[in-house]
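Asker: Just passing along the structure, written as structure tokens.
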Amino acid sequence: MQLLDGKQTAQAIKDEIKSTVAEMTAEGKRPPHLAAVLVGNDGASLTYVGSKVRSCEQVGFQSTLIRLEDSISETALLDEITRLNKDSQIDGYIVQLPLPKHIDAGRILMAVDPKKDVDGFHPSNFGKMALDMQAFIPATPFGIVELLQRYQIDIQGKECVVIGRSHIVGRPISILLSQKGEIGNATVTLAHSRTQNLAQLTRRADVVISALGIPEFLKADMVKDGAIVVDVGITRVADDTHPKGYRIKGDVDFDAVAPKTSYITPVPGGVGPMTIAMLLKNTLLARQWYHSA
Ligand code: NAD
């Protein structure tokens with residue numbers, strides 16, 4: 001069993017981005033600039049956005065955090081989006097999800113300029129990705145692909161089961177792994193809450209990508225010997241013995257599953273850090289593709 005070390009790999013990617021930014025600034029160009037819109041005070045969202053902003057600082061990006069009240073109207077938020085779309089000093093931005101219930105998240109994401117959509121959530125980017133065209137790929141699936149690539153794991157012709165069909169993880173990773181391309185050419189099954197006999201599917205899989213958000217859902221008897229297991233799940237589980245009062249759990253029963261695998265991602269320290277690194281990568285690409293002036 002070998003650990004797929006997302007923390008170390010993400011650091012290597014950040015170091016590469018940092019030296020590209022240093023070259024840009026040495027040539028007198030402005031560094032990439034990422035903005036993040038955070039509505040309300042959700043604890044997990046605050047943590048995620050905080051680490052995204054800190055990561056920008058680490059690689060020499062400019063960053064702007066826009067914090068808005070929970071009570072903001074959809075119209076006012078759309079005005080903010082329009083302002084960000086027009087701001088020539090901002091290369092890319094994200095709108096941290098979830099948004100309050102009175103705001104239609106779909107309408108907000110549709111308003112984001114696809115050239116600044118570094119989360120890759122706009123239908124224009126999603127469609128281009130599905131058609132093998134240049135596009136921003138959502139950071140988590142992009143991170144998984146990058147991690148597999150950097151560990152030189154060849155998934156061509158392999159049977160891959162993705163658990164979870166969300167628009168931000170399961171669906172896009174199923175598309176990427178089945179694409180004809182450098183990383184891809186796998187035979188992909190996309191499982192979800194209505195899938196029957198899931199264990200039968202996962203037991204024959206060479207690669208299992210779990211993105212459903214149920215702690216320790218994937219048990220040892222659900223994977224075959226030598227499988228590659230990627231755990232996307234992040235769930236806060238209450239734990240009074242932990243200083244934070246909770247512990248982060250993945251979807252995989254790690255201690256039991258890991259010895260059976262050839263490669264496995266830990267949680268934390270697997271897909272999570274890769275997601276942030278690929279958001280930075282997308283912001284650098286936005287600067288290079290669309291905002292090079
Ligand atoms: P989601 O919560 O939107 O959807 C969950 C998916 O799991 C659904 O498609 C559902 O059909 C499927 N599902 C639910 N129960 C199932 C079952 N019993 N069997 C099979 N499928 C089932 O998904 P999401 O937003 O992709 O998040 C999934 C997990 O990944 C969460 O824990 C989330 O926190 C985590 N996540 C991590 C990162 C990261 O950077 N590591 C990024 C995004 C999401």
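Asker: Could you check the spin-label model distance between residue 18 and residue 44? Points 7 Å from the Cα along Cα→Cβ, value in nm.
Answerer: Label-label distance for residue 18 and residue 44, simple model: 3.0 nm.
Asker: Positive end of the charge dipole of the chain (Lys, Arg +1 and Asp, Glu -1 on Cβ, about the Cα centre): tell me which of 122, 32, 82 has its Cα farthest that way.
Answerer: After comparing all options, I get 122.
Asker: Here is a follow-up. Residues with beta-carbon under 11 Å from that of residue 72, excluding residue 72: net charge, scoring Lys, Arg +1 and Asp, Glu -1?
Answerer: With Lys, Arg at +1 and Asp, Glu at -1, the neighbours total -4.
Asker: Order the peptides 233-244, 49-60, 107-118 from the highest to the lowest mean number of other Cβ atoms within 10 Å of their residues.
Answerer: Per-residue Cβ counts within 10 Å, averaged per peptide and sorted highest first, yield 107-118, 49-60, 233-244.
Asker: Ranked highest first by average number of other Cβ atoms within 10 Å, how do 272-284, 24-36, 154-166 line up?
Answerer: Listed from highest to lowest mean packing, they are 272-284, 154-166, 24-36.
Asker: Next question. Looking at 262, 228, 195, which one has the Cα that reaches farthest to the positive end of the dipole of the stretch 180-293 (charges on Cβ: Lys, Arg +1; Asp, Glu -1)?
Answerer: Most positive-ward Cα: 195.
Asker: So how long is each side of the chain along the principal axes, counting just the alpha-carbon atoms, biggest first, in Å?
Answerer: Projected onto the principal axes, the Cα atoms of the chain cover 52, 41, 36 Å.
Asker: Cut-off under 14 Å on the C-alpha distance; same-chain residues fewer than 8 positions from residue 249 excluded. Which aspartates and glutamates are left, in chain and number order?
Answerer: The reachable aspartates and glutamates, counting only those whose Cα sits under 14 Å from residue 249, are 216, 231, 239.
Asker: With charges only on Cβ, +1 for K and R and -1 for D and E, what is the dipole size of the chain about its Cα centre, in debye, rounded to 20?
Answerer: Using only the charged Cβ atoms, the result is roughly 240 debye.
Asker: If R0 is 30 Å, what FRET efficiency do you get for residue 167 and residue 54 from their C-beta distance, rounded to 0.05?
Answerer: Computed FRET efficiency for residue 167 and residue 54 comes out at 0.70.
Asker: May I ask you to compute the full-extension gain from residue 256 to residue 132, defined as 0.36 nm times their residue separation minus their alpha-carbon distance, rounded to one decimal in nm?
Answerer: Using 0.36 nm per residue and subtracting the Cα-Cα distance, I get 40.9 nm.
Asker: Now for a different question. Taking the radius of gyration and the Kirkwood hydrodynamic radius from Cα positions alone, what is the Rg/Rh ratio for the stretch 82-224, to two decimal places?
Answerer: 1.02
Asker: Quick one: which residues, 5+ away or cross-chain, put their amide H under 5 Å from the amide H of residue 94? H built at 1.01 Å from N.
Answerer: Answer set, sorted by chain and number: 35, 36, 37.
Asker: Now for a different question. With a sphere of radius 10 Å drawn around the Cβ of residue 126, what net charge do the other residues whose Cβ falls strictly inside it have (Lys, Arg +1; Asp, Glu -1)?
Answerer: For residues surrounding residue 126, the net value is +1.
Asker: Separate question: Contact order normalised by length for the stretch 140-293, with contacts defined as Cα pairs under 8 Å and 6 or more residues apart; what percent is it?
Answerer: Once divided by the residue count of the stretch 140-293, the mean separation gives 21 percent.
Asker: Could you tell me the calculated FRET efficiency between residue 26 and residue 97, based on Cβ-Cβ distance and R0 = 30 angstrom, to the nearest 0.05?
Answerer: Step by step, r from the Cβ atoms, then E = 0.25.
Readers should treat all values here as calculations from the given coordinates under stated rules, not as data from a laboratory. Predicted model only: the values in this text are computed from it and were never measured. Neighbour counts run over all protein chains shown; Cβ positions are idealised from the backbone, glycine included.
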